[in-house]
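Asks: Can you keep this structure in mind? I'll have questions shortly.
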Amino acid sequence: MIVRMWHGRVSAKKAAAYRQFLCERAIPDYNSVPGILEVNILERSEDDVTHFVTLTKWQDMEAIKRFAGPDAEIAKYYAEDSDFLLEFEPKVVHYQVVG
């Protein structure tokens, strides 16, 4: 199993709207991909910024590539993200689950 982690920052004023977007658009997209095992969205407020971490679990790297494309290290963004995100981090991080 592989964990894929993505991080994004939004203005605290837009956090609720971004959370709604994630629940209505991003999570269903993740769940539509064969090989996805679990999707979790983590949220943490810090002053006037809210951090979001998408933590997904996948059967294998081939499943991730079905979602992200052939270069699985590149972050996948939606057109709507430009309405929310303060920057676009170019890469995600993958971890092999060993225990």
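Asks: So, in the chain, how many Lys pairs have Cα atoms under 26 Å apart, if the pair is 8 or more places apart or on different chains?
Replies: 10
Asks: Moving on to the next point. Taking only the Cα atoms of region 43-99, how large is their convex hull per residue, in Å³?
Replies: Details: hull volume 6.0 nm³, N = 57.
That works out to 105 Å³ per residue.
Asks: On to the next question. Taking 0.36 nm per intervening residue step and subtracting the Cα-Cα distance, what contour gain separates Cys23 from Gln59 on full extension?
Replies: Details: separation 36, 0.36 × 36 = 12.96 nm, distance 2.19 nm.
Going from the current span to full extension adds 10.8 nm.
Asks: Sorted by average packing, counted as other Cβ atoms within 10 angstrom per residue and highest first, what order do 90-96, 24-30 take?
Replies: 24-30, 90-96
Asks: Can you give me the distance in nm between label points at Ser45 and Lys14, each placed 7 Å from the Cα along the Cα-to-Cβ direction?
Replies: Rounded to a tenth, the inter-label distance reads 1.8 nm.
Asks: Subtracting the Cα-Cα distance from 0.36 nm times the residue separation, let me have the gained length for Met1 to Ala75 in nm, one decimal.
Replies: 24.7 nm
None of the figures in this text is laboratory data; all of them are computed from the coordinates on show. This one's a predicted model, so the numbers in the text were calculated from it and none came from an experiment. Quick reminder, even Gly has a Cβ in these numbers, built from the backbone with ideal geometry, and neighbours come from all protein chains shown.
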